[in-house]
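Student: The structure that follows is given in the form of structure tokens.
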Amino acid sequence: MTVALVLAPLVQLENSAVGQTTSVITTSGSFFAGLDESDGVSNYTIRYNYPPRINIGSNLVVTATLEINAMSGLKLYLRHYRFDAFVFVNGNLVSGATNASDPFASPLYAGSHWGPRELVMPINSTIMGTKPAEIILGNVTLSFLGDVYHDLPKSSFGSESGRSTIGTVSIIDPRGQPSITFEEVALATVVILVVVTGYLISKRRGSKK
């Protein structure tokens, strides 16, 4: 069985989502961030995934991983790092979440990573103000923040961050919707295709006898 994937346009810009892929199960992709300064260069990749559809009254979970691609010059490592995720509808914030490292967590050097980490955002009906069976689009934003240690002669920390609108999510008001879920419809479609294909194959074999 082959499931078709819809590939979003590639946007290769600093702090922009790249190579994003959406399927019936998950939206996933990555974006880059970093700083090129006189005393060193830092470069990061933030990878993420989340469901493309969510019912009001449920939690939208964004899973994110931070990868440290490079630390050069006086830049040695990253510490006190965190993710923040937000959902906006028509420019208004409807939910958000933070996942931060432990204060005593190990520093992240080039080649290391942090995650995957989950950011759980409740989608509340009173905030949305939707009508029964209504479907609206929300914009999902993901950001990270951390402190980079600069070696001597600086011997100090500097904050670095990255942020991107990573995609959209369909927010569904389940009132007035049939009880069957989107995933159940997809599964039923697959089962029907398998049964029909098996029937056609057996019928073809029978005709050859």
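Here, each number is a calculation from the coordinates, and none is a lab measurement. Owing to the predicted nature of the structure, the values given are computational and were not obtained by experimental measurement. Positions of Cβ are generated from backbone atoms using ideal geometry, with glycine treated the same way; all protein chains shown enter the neighbour counts.
Student: If packing is taken as the mean number of other Cβ atoms within 10 Å per residue, what is the order of 145-153, 44-52, highest first?
Tutor: Working: 145-153: 16.2, 44-52: 20.7.
Packing order, densest peptide first, comes out as 44-52, 145-153.
Student: Please list 3J(HN,Hα) in residue order for region 61-78, calculated via the Karplus relation 6.51 cos²θ - 1.76 cosθ + 1.60 where θ = phi - 60°; whole Hz, with x for glycine and proline.
Tutor: Karplus-based 3J(HN,Hα) across region 61-78 equals 10, 9, 9, 10, 9, 9, 10, 8, 7, 7, 9, 9, x, 7, 6, 10, 7, 10 Hz.
Student: For SER58, list long-range residues whose amide hydrogen, built 1.01 Å from N in the peptide plane, is under 5 Å from its own amide hydrogen.
Tutor: Close amide H contacts, sequence-distant or interchain: ILE123.
Student: Please give the charge dipole size of region 23-109, origin at the Cα centre, charges +1 on K and R Cβ atoms and -1 on D and E Cβ atoms. Round to the nearest 20 debye.
Tutor: On the way: 5 positive and 6 negative charges, 59 e Å.
The calculated dipole for region 23-109 is roughly 280 debye.
Student: If you count, for each residue, the other Cβ atoms within 10 Å and average over each peptide, how do 63-70, 99-106, 86-93, 112-119 line up from highest to lowest? Can you show the working numbers first?
Tutor: On the way: 63-70: 18.9, 99-106: 11.9, 86-93: 14.5, 112-119: 16.2.
For the peptides 63-70, 99-106, 86-93, 112-119, the packing ranking is 63-70, 112-119, 86-93, 99-106.
Student: Ok, one more. Determine ³J(HN,Hα), in whole Hz, for all residues of region 157-166 in sequence, where each value follows from phi through the Karplus function 6.51 cos²θ - 1.76 cosθ + 1.60 and θ = phi - 60°; x replaces Gly and Pro.
Tutor: Along region 157-166, the couplings run 9, x, 6, 9, 8, x, 8, 7, 7, 8 Hz.
Student: Using amide H atoms built 1.01 Å from N in the peptide plane, name the residues 5+ places from GLY73, or on other chains, whose amide H lies under 5 Å from its own.
Tutor: The answer is VAL41.
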